[in-house]
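The values are calculated or read from the model by the stated rules, or taken from the named source; none is laboratory data. Just so we're clear, the structure is a prediction, and the values are computed from it rather than from any experiment. Neighbour counts are summed over all protein chains in view; Cβ atoms, including those assigned to glycine, are modelled from backbone coordinates with ideal geometry. Ligands, DNA and RNA are stripped out before the accessible areas are found, and what is left, the full protein with its side chains, is counted by its heavy atoms. Shrake-Rupley method; radii C 1.70, N 1.55, O 1.52, S 1.80 Å.
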Amino acid sequence: MMGLHTAAMLLGGIEKLAGALDIQERGTRAKISGERGVSNADLLAAAAALDERADRVRAHAEKLRQEAQAA
């Protein structure tokens with residue numbers, strides 16, 4: 001599934017997505033390739049992991065803005 005592949009790349013790799021899905025990397029690759037089905041729970045877990053990463057990115061961006069204003 002292309003959406004899971006994109007999620008894996010945005011998270012930093014298949015191993016990160018596998019951790020979010022709580023499955024092994026092999027199973028994650030099978031879901032991405034379409035050999036195994038993707039459940040709603042898989043999609044929601046991937047979305048939650050992306051949200052968490054986005055929150056960290058936003059927090060870091062805010063930190064950088066504050067540093068720029070202080071300089």
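Among the GluC sites (Glu not before Pro) in the range 2-71, those located in a DSSP loop and surrounded by at most 13 other Cβ atoms within 10 Å of their own Cβ are Glu35.
On a 0 to 90° scale, report how tilted helix 2-11 is relative to the longest principal axis of the chain, with both axes built from alpha carbons and the result rounded to the nearest 10. The angle comes out at about 40 degrees. Taking Cα atoms of the chain, Rg/Rh with Kirkwood Rh, to two decimals? Ratio of gyration radius to Kirkwood radius: 1.17.
With a cut-off of 12 Å between beta carbons, the residues surrounding Ala48 carry a summed charge of -4, where Lys and Arg count +1 and Asp and Glu -1. Solvent exposure of the chain, expressed per residue, is 71 Å² of accessible area, with all protein chains present and a 1.4 angstrom probe. If only the Cβ of Lys and Arg carry +1 and only the Cβ of Asp and Glu carry -1, the dipole of the chain around its Cα centre is close to 120 debye. Once fully extended, how much extra length lies between Gln24 and Met1, figured as 0.36 nm per residue of separation less the alpha-carbon to alpha-carbon distance? Contour length minus the Cα-Cα distance gives 6.6 nm.
When Asp22, Asp42 are compared by accessible surface with a 1.4 Å probe, the order from highest to lowest is Asp22, Asp42.
How much of the accessible area of the chain, in percent, comes from carbon and sulfur atoms when a 1.4 Å probe is used? The nonpolar share, carbon plus sulfur, comes to 53 percent.
Computed from phi, the 3J(HN,Hα) profile of the range 23-37 under the Karplus parametrisation 6.51, -1.76, 1.60 (θ = phi - 60°) reads 9, 6, 4, 4, x, 5, 4, 5, 5, 5, 7, x, 5, 10, x Hz, with x in place of Gly and Pro.
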